[in-house]
C-alpha cells in the first residue's frame with residue numbers, strides 16, 4: 001500500500017482509498033498523525049469509499065504559512081455565516097474546485113461555487129458552524145466542525161423539512177497565493193438524510 005508523505009493532500013489520500021491504493025486504516029493513521037481527531041478521521045474515512053474527487057491537483061507552495069492560512073479560513077467562515085457573498089467569492093481562485101459530499105460532481109470555478117453556496121445559504125439561513133479542531137499541515141488547513149441550523153429551503157433530493165439539524169464534518173482547504181484553489185467537504189450523507197429527509 002502507498003505511504004503518505006508530506007506532499008500528499010487529504011483529498012489525494014481519500015482518492016487513494018477509493019481506488020484501492022490505500023486502506024482506510026492507513027488513511028485514519030495518516031490523518032491522526034497530522035492532528036485530526038479520531039472523530040474527524042472517522043468521518044473522512046467513512047466518506048472515502050464513495051467520495052469521487054476531482055482530477056484537479058493544484059500546484060501549491062509546500063512552504064506556505066500555516067498560521068496565516070488558519071487566519072484566512074477563520075475570515076472565510078465569518079463571511080459565510082454573515083452571508084457576505086462578495087467576500088466569499090473573492091476568497092476563491094478563479095478556477096477553484098469544491099468537492100462536497102452531497103453532490104456527485106465537483107464544482108469548478110467561482111460562478112459554480114457561489115451558486116452552490118447561494119443554495120446552501122438560502123436553505124439554511126440560520127447556519128452556525130462551530131469549529132471543534134483546526135490543523136494546518138504543509139499547504140492545507142483541515143477544519144473539523146459541527147454545522148447547526150434549520151432546514152427551511154430545498155437541497156438536491158432533500159426538500160425543505162423545517163427541522164433543526166446538527167451535522168459533524170471536516171473541510172480541507174488548499175490555498176495558493178492566499179486564494180482557495182481546492183476545498184473538500186466531508187460529512188455523512190446518511191446522517192443528513194436521517195435528520196432532514198422525508199419521514
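The values are calculated or read from the model by the stated rules, or taken from the named source; none is laboratory data. Remember, predicted model here, so these are calculated numbers, not experimental data. Cβ coordinates were reconstructed from backbone atoms using ideal geometry, including for glycine residues, and neighbour counts include every protein chain displayed.
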When the residues of segment 62-71 are narrowed to those that are in a loop (DSSP other than H, G, I, E, B) and under 18 Å from residue 91 (Cβ atoms), which ends up modelled with the lowest pLDDT? 64
For segment 98-107, does any single residue satisfy the condition of being free of Cβ contacts under 8 Å to residues at least 24 places away in the same chain, out of contact with any strand residue (DSSP E or B) (no Cβ under 8 Å at 6 or more places or on another chain) and outside any loop (DSSP other than H, G, I, E, B)? no
Quick check: is even one residue across segment 189-196 farther than 20 Å from residue 50 by Cβ and surrounded by fewer than 15 Cβ atoms within 10 Å (Cβ to Cβ)? no
In segment 17-33, anything modelled with pLDDT under 90 and part of a helix (DSSP H, G or I) is listed as 18
Check residue 36 against each of (1) modelled with pLDDT of 85 or more; (2) out of contact with any helix residue (DSSP H, G or I) (no Cβ under 6 Å at 6 or more places or on another chain); (3) assigned to a helix (DSSP H, G or I); (4) surrounded by 12 or more Cβ atoms within 10 Å (Cβ to Cβ) and name the one condition it does not meet. (3)
Look through 74, 89 and report the one residue that is at pLDDT 85 or above, surrounded by fewer than 15 Cβ atoms within 10 Å (Cβ to Cβ), under 15 Å from the mean Cα position of the chain (by Cα) and outside any loop (DSSP other than H, G, I, E, B). 74
Wholly within segment 124-177, strands (runs of 3 or more DSSP E) carrying at least 3 residues that are buried (at least 16 other Cβ atoms within 10 Å of the Cβ) and at pLDDT 95 or above: 140-150, 164-176
Checking residue 50 against (1) at pLDDT below 90; (2) under 16 Å from the mean Cα position of the chain (by Cα); (3) surrounded by 13 or more Cβ atoms within 10 Å (Cβ to Cβ); (4) within 30 Å of residue 150 (Cβ to Cβ): exactly one of these is not met. Which one? (3)
From (1) modelled with pLDDT under 90; (2) surrounded by 18 or more Cβ atoms within 10 Å (Cβ to Cβ); (3) farther than 21 Å from residue 38 by Cβ, pick out the condition that doesn't hold for residue 183. (1)
